[in-house]
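Here the structure is laid out as structure tokens; the discussion comes afterwards.
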Amino acid sequence: MSKVRIAIGLVAVGLGTAAFAGLADAATEGDDLAAFDPHLTAAFVSHRVAELTPVARAVTFLGEIPVLTGLTLVAALLLRAGTRRWRPAVILVVGMLGAAGLTYGFKVLIGRHRPDSSIVVGTVNTGFSFPSGHSLSSLVFFGLLAALLWYSNASLAIKLAGTALALLFSVAIGLSRIYLGYHWATDVLAGWTLALTWLALLASVLGFIGLRRDASPAEDCELSR
């Protein structure tokens, strides 16, 4: 079963990498899906309503680096205290560090400019746009928490509810970035794609480590003969 999970994870990594490469090329050239970005941004801006804007700003706040950093530290400490093991906490921290590194690296590599600052609701960000760090990091954070929940003793209802909330928060944060004028739609899509690819890679690595650990007793027996 572990081998099957590893194989599925590696296939997901390959597909995700290809999809992200396609989005990166489109963002660089301004063609394919990226050609629709100005129209989608205009549609989001034209449908802004006074009641929804404060909600979007509150949702996007959850994806800010200081907020996610604080949430990661708190969640890691709770995982350590609740499970009495370091592994879940380490997985979460490593996952978030990887997300931060991927965000910074690809922003610098692609160097895409953000939508015009005149449509931004809130403080203007002059950094690069692709991929959306809010979308990437929030999906990694909530995705890892949901995955760890499935390895706990929680009831099925709680696991399903936790997964649904993880998806809800991740999608809402990504959409809020377009609504508020901080990102193009393909920035957000690329953030989600890269997050899922990174999660699949983590799952594959952890599956391989587990497979090696399960095989080690047999290897020890062979060596002792």
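Where a number appears in this text, it was derived from the coordinates with a stated rule and is not lab data. Predicted model, so just to flag it, every value in this text is computed and none were measured. Here Cβ is always computed from backbone atoms with ideal geometry, including for glycine, and neighbour counts include all displayed protein chains.
In a shell of Cβ-Cβ distance under 14 Å around V45, excluding V45 itself, what net charge do Lys and Arg (+1) and Asp and Glu (-1) give?
+1
Pick out, from L194, A7, A89, the residue whose Cα sits farthest towards the positive end of the charge dipole of the range 2-211, with +1 on the Cβ of Lys and Arg and -1 on the Cβ of Asp and Glu.
A89
Give the distance, in whole Å, between the Cα centre of the range 26-45 and the Cα centre of the range 149-182.
26 Å
Which of A154, A195, A34 ends up with the largest GNM mean-square fluctuation for the chain, with Cα atoms connected below 10 Å?
A154
Note the full-extension length gain between A43 and V121 as 0.36 nm times their separation in residues minus their Cα-Cα distance, in nm to one decimal.
Answer, rounded to one decimal: 26.6 nm.
What list of ³J(HN,Hα) values in whole Hz, one per residue of the range 186-200 in order, does the Karplus curve 6.51 cos²θ - 1.76 cosθ + 1.60 (θ = phi - 60°) give from phi, with Gly and Pro shown as x?
5, 5, 5, 4, 5, x, 5, 4, 5, 5, 5, 5, 5, 5, 5
Summing +1 for each Lys or Arg and -1 for each Asp or Glu, what net charge is found among the other residues whose Cβ lies under 12 Å from the Cβ of L180?
Its environment carries a net charge of +4.
Mind checking the angle between helix 37-46 and the chain's longest principal axis? C-alpha axes, 0 to 90 degrees, to the nearest 10.
The answer is roughly 70 degrees.
Most exposed first by the Cβ proxy, i.e. fewest other Cβ within 10 Å, how do K3, K159 rank?
In increasing order of surrounding Cβ atoms, one gets K3, K159.
Give, as a single signed number, the net charge of other residues whose beta carbon lies under 14 Å from the beta carbon of S138, with Lys and Arg counted +1 and Asp and Glu -1.
In short, -1.
Charges at C-beta only: +1 for Lys and Arg, -1 for Asp and Glu. How large is the resulting dipole of the range 1-160 about its Cα centre, in Debye rounded to 20?
Taking the Cα centre of the range 1-160 as origin, the dipole is about 1020 debye.
What would the Debye equation give as log₁₀ I(q)/I(0) for the chain at q = 0.08 Å⁻¹, counting only Cα atoms as equal point scatterers?
Relative scattering, expressed as log10 I(q)/I(0), comes to -0.34.
Modelled label-to-label distance, L52 and L165, 7 Å Cα→beta-carbon offset: nm?
Taking the simple label geometry, L52 and L165 are separated by 2.5 nm.
Helix 156-179: angle to the longest alpha-carbon principal axis of the chain, degrees 0 to 90, nearest 10?
It is inclined by approximately 30 degrees.
Roughly what percent of Cα-Cα pairs across the range 1-123 reach past 26 Å?
The proportion of pairs with Cα distances above 26 Å equals 47 percent.
Rounded to the nearest 500 deg cm²/dmol, what is the calculated helix-only ellipticity per residue at 222 nm for the chain, with -39500 (n - 2.57) per DSSP H run of length n ≥ 4?
My calculation for the chain gives -27000 deg cm²/dmol from helical runs alone.
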